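Below you'll find the structure, written out as structure tokens, and then a few comments.
The values are calculated or read from the model by the stated rules, or taken from the named source; none is laboratory data. Model, not experiment: these values are computed from the prediction. Because the Cβ atoms are built from the backbone with ideal geometry, glycine has one as well, and the counts that use them run over all protein chains shown.
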């Protein structure tokens, strides 16, 4: 695992608090729900972050990937993809990811 993650508070994404250590991340979501995740990859050169939910959601398999791609001189394209089973959890996690990406956009554009 490359890079470093920092403690953060990104309410716009539904994450109230996140702490990292020893290749894991613990998240407290709005409403107090807890998730535990294994950090799979942090690659500053590729501008990629990958993680797996391990506790807090009944997943059989999960891999979240966030890629930040250069898109012109002063902008970037964020691509957030998720593999998840059972398939029924896609309906649960999809809106959370959409909200997270929109919250990140608002934060970076200074409107949150």
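Going by what's in this entry, would residue 54 be described as within 18 Å of residue 15 (Cβ to Cβ), in contact with a helix residue (DSSP H, G or I) (Cβ under 7 Å, 6 or more places away or on another chain) and free of Cβ contacts under 8 Å to residues at least 60 places away in the same chain? Show your work before the answer.
Values: within 18 Å of residue 15 (Cβ to Cβ): yes; in contact with a helix residue (DSSP H, G or I) (Cβ under 7 Å, 6 or more places away or on another chain): no; free of Cβ contacts under 8 Å to residues at least 60 places away in the same chain: yes.
Taking the combined requirement at face value, the residue does not satisfy it.
Is it fair to say residue 19 is modelled with pLDDT under 95 and part of a strand (DSSP E or B)?
Numbers: modelled with pLDDT under 95: yes; part of a strand (DSSP E or B): yes.
When the stated conditions are applied, residue 19 passes them.
Identify the residue in segment 38-48 that is assigned to a strand (DSSP E or B) and touching a residue at least 24 places away in the same chain (Cβ under 8 Å) and, among all such residues, is farthest from residue 89 (Cα to Cα).
Step one: list which residues in segment 38-48 are assigned to a strand (DSSP E or B), which gives 38-43, 48.
Next cut, touching a residue at least 24 places away in the same chain (Cβ under 8 Å) only: 39-43.
Working: 39: 20, 40: 20, 41: 23, 42: 25, 43: 27 Å.
So the residue we want is 43.
Tell me whether segment 79-87 contains one or more residues that are more than 22 Å from residue 24 (Cα to Cα) and in contact (Cβ under 8 Å) with a residue 24 or more places away in the chain.
yes
Any idea which residue in segment 68-93 is modelled with the lowest pLDDT, counting only those that are loosely packed, with under 13 Cβ neighbours inside 10 Å and closer than 20 Å to residue 54 by Cβ?
This residue is 92.
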